[in-house]
Amino acid sequence: MKIGILQTGHAPEEVQDELGDVNTFFMRLLDGQEFTFETFCVVDGDFPDGPEDCDGWLITGSKHGAYEDHPWIPPLESLIRDVYAAGRPLVGICFGHQIIAQALGGTVEKFEGGWAVGRQTYDWRGAEIALNAWHQDQVTQKPEGADVLASNSFCQNAALVYDNRIFTVQAHPEFGDPMIKGLIDARAGSVPPDLIETAKANLGRENSNAQLASQIGRFFKERTL
């Protein structure tokens, strides 16, 4: 099964030598599940011809806001709607989660409650999971037809599913400790110091990345979670 990675940002230069760019994070996350990958760097204007170019699609995270004025955002929203209409499975992570919601009628805003940084816990259909996060923007109003899979007191719409076509997550199952360390070094200046210290203290604790990798793979192959 061929997965098209719609890359909407680049990893900080400080981590690229060690960890690679954003697309490679997802190749590692989904390794061993018999997928092949093709990357379209939409943030740099590289788009597929249409939904039929790949069997499934994944939209990555980004430092950009879904509501910002960038020339690549309107065509990405159009592609999202085309993929949804075509019935190809689509997964969105962080910015991907947000831009999909926005493209389908939801609202994305810079959250007045501030940042989520590092390891976070979520209620996932009654069970607790832990994932790394790094965001201030949130889906503050989900689109019609989207169901909430996960939430916590900070992020109400932490994971959404749209029928059996789209699955999105606000946190980053592709982020391990090395990436959080890299973001602390590269982008901590805009984040309150107490949140940075908490993120540092949580490094090394167990997370649910493997569980999410399995769920993403199952969604692509079987359209179930």
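Just so you know, all these numbers are worked out from the coordinates, no wet-lab data involved. Not measured: the values here are computed from a predicted model. Cβ placement follows ideal geometry from the backbone for every residue including glycine, while neighbour counts extend to all protein chains displayed.
Tabulated values for the structure
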| read-out | value |
| --- | --- |
| Any hit, region 5-28, residues being over 24 Å from D137 (Cβ atoms) and among the basic types (K, R) | yes |
| Any helices (runs of 4 or more DSSP H) falling wholly within region 1-113 and containing at least 2 residues that are in contact (Cβ under 8 Å) with a residue 24 or more places away in the chain and within 18 Å of the chain's Cα centre (by Cα) | 22-29, 73-86, 95-103 |
| In region 124-149, the residues that are in a strand (DSSP E or B), over 21 Å from H64 (Cα atoms), out of contact with any helix residue (DSSP H, G or I) (no Cβ under 8 Å at 6 or more places or on another chain) and not small (G, A, S) | W124, E128, D147, V148, L149 |
| Which listed residue, of L183, L195, is farther than 27 Å from I3 by Cβ, touching a Phe, Trp or Tyr at 6+ places or on another chain (Cβ under 7 Å), in a helix (DSSP H, G or I) and touching a residue at least 40 places away in the same chain (Cβ under 8 Å) | L195 |
| Residues of region 158-180 satisfying the condition of being touching a residue at least 24 places away in the same chain (Cβ under 8 Å) and over 23 Å from N202 (Cα atoms) | L160, V161, Y162, N164, R165, I166, F167, T168 |
| Scan of region 106-130 for residues that are out of contact with any strand residue (DSSP E or B) (no Cβ under 6 Å at 6 or more places or on another chain) and of a type in the set (A, V, I, L, M), ordered by number | A127 |
